[in-house]
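Structure, as structure tokens:
The values are calculated or read from the model by the stated rules, or taken from the named source; none is laboratory data. This structure is a prediction, so every number in the text was calculated from the model and none was measured. In this analysis, Cβ positions are derived from the backbone assuming ideal geometry, glycine residues included, and neighbour counts consider all displayed protein chains. The area values use the complete protein model at the heavy-atom level, side chains included, leaving out ligands, DNA and RNA. Shrake-Rupley method; radii C 1.70, N 1.55, O 1.52, S 1.80 Å.
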Amino acid sequence: MAHTYKRWYDHDPLLMQVIDLLRAYPNELKSQAEIFLKKVEEQVSKEAVDRFYEMVKPMILGNRWYDSDPILSKTVELLRVVPEEIQKLAADNFINALKESGVAIDENR
């Protein structure tokens, strides 16, 4: 029997951890989120990223914790749709950025 997950990232403990970290440390991870967006833009173009975001963002912003920040909002939405190997690479980069800034990360999650 297949598992049914409530959120798109619930199937992957690493993604769950990164989403929780983005929520807990938005200011500390904003520069890493900008790097992630820039790398995606280099692959597909800024215009493609902006068009995609316009299609997936909700009509009424503010219901989700990341809606108030356009960088975090785009980052979370792109993390949702990029291939799994890109999700993992981005997740590792977010975690490493926090470690480098002195934030203790629970590796057992």
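Per-residue ellipticity at 222 nm for the chain, helices alone: DSSP H runs ≥ 4 residues times -39500 (n - 2.57), over residue total, nearest 500 deg cm²/dmol? Show your work: numbers first, answer last.
Details: 5 runs with 71 residues, N = 109.
Helix contribution divided over all residues of the chain: -21000 deg cm²/dmol.
Please list Ile60, Ile105, Ile86, Ile19 in order of solvent-accessible area, largest first, computed with a 1.4 Å probe with all protein chains present.
Sorted descending by solvent-accessible area, the residues read Ile60, Ile86, Ile105, Ile19.
Using unit Cβ charges (K, R positive; D, E negative) and no other charged atoms, how large, in debye to the nearest 20, is the dipole of the chain about its Cα centre? If you can, show how the numbers build up before the last one.
Working: 15 positive and 19 negative charges, 51 e Å.
In total the dipole reaches around 240 debye.
Give the carbon-plus-sulfur fraction of the accessible surface of the chain in %, rounded to a whole number; probe 1.4 Å, heavy atoms of protein chains only.
54
Which value, in Å² rounded to 10, gives the accessible area of Leu72 with a 1.4 Å probe and all protein chains present?
10
Report the full-extension gain for the segment Ala48 to His3: residue separation times 0.36 nm, less the Cα-Cα distance, to one decimal in nm.
12.9 nm
Roughly what percent of Cα-Cα pairs across the chain reach past 20 Å?
That tail contains 40 percent of the Cα-Cα pairs.
Along the charge dipole of the chain, pointing to its positive end and built from +1/-1 on Cβ of Lys, Arg, Asp and Glu, which listed residue (His3, Ser101, Ile60) has its Cα farthest out?
With unit charges placed on the Cβ atoms, the residue in question is Ile60.
Could you state the orientation-averaged shadow area of the convex hull built on the Cα atoms of segment 1-52, in nm² to one decimal?
Averaged projected area of segment 1-52's Cα convex hull equals 5.1 nm².
Place +1 on the Cβ of every Lys and Arg and -1 on the Cβ of every Asp and Glu in segment 17-64, take the dipole about the Cα centre, and give the residue among Gln17, Ala48, Ser31 whose Cα lies farthest towards its positive end.
Gln17
Students often get this wrong, so check it: of Lys57/Lys99; Lys38/Lys88; Lys6/Lys46; Lys39/Lys74; Lys46/Lys74, which have C-alpha atoms separated by over 23 Å? Walk me through the numbers on the way to the answer.
Numbers: Lys57/Lys99 30 Å; Lys38/Lys88 17 Å; Lys6/Lys46 30 Å; Lys39/Lys74 13 Å; Lys46/Lys74 12 Å.
Where the Cα-Cα span goes over 23 Å, the pairs concerned are Lys57/Lys99; Lys6/Lys46.
Just to be sure I understand the model, the point goes 7 Å from the Cα along the line to the Cβ. What's the resulting Asp20 to Glu85 distance in nm?
2.8
Tell me the per residue accessible area of the chain using a 1.4 Å probe; a whole number in Å² is fine. Don't skip to the end; give the middle numbers.
Details: 7070 Å² over 109 residues.
Value returned for the chain: 65 Å² of accessible area per residue.
For Asp10 and Val103, compute 0.36 nm times the residue count separating them, minus their Cα-Cα distance, and round to one decimal in nm.
Using 0.36 nm per residue and subtracting the Cα-Cα distance, I get 31.2 nm.
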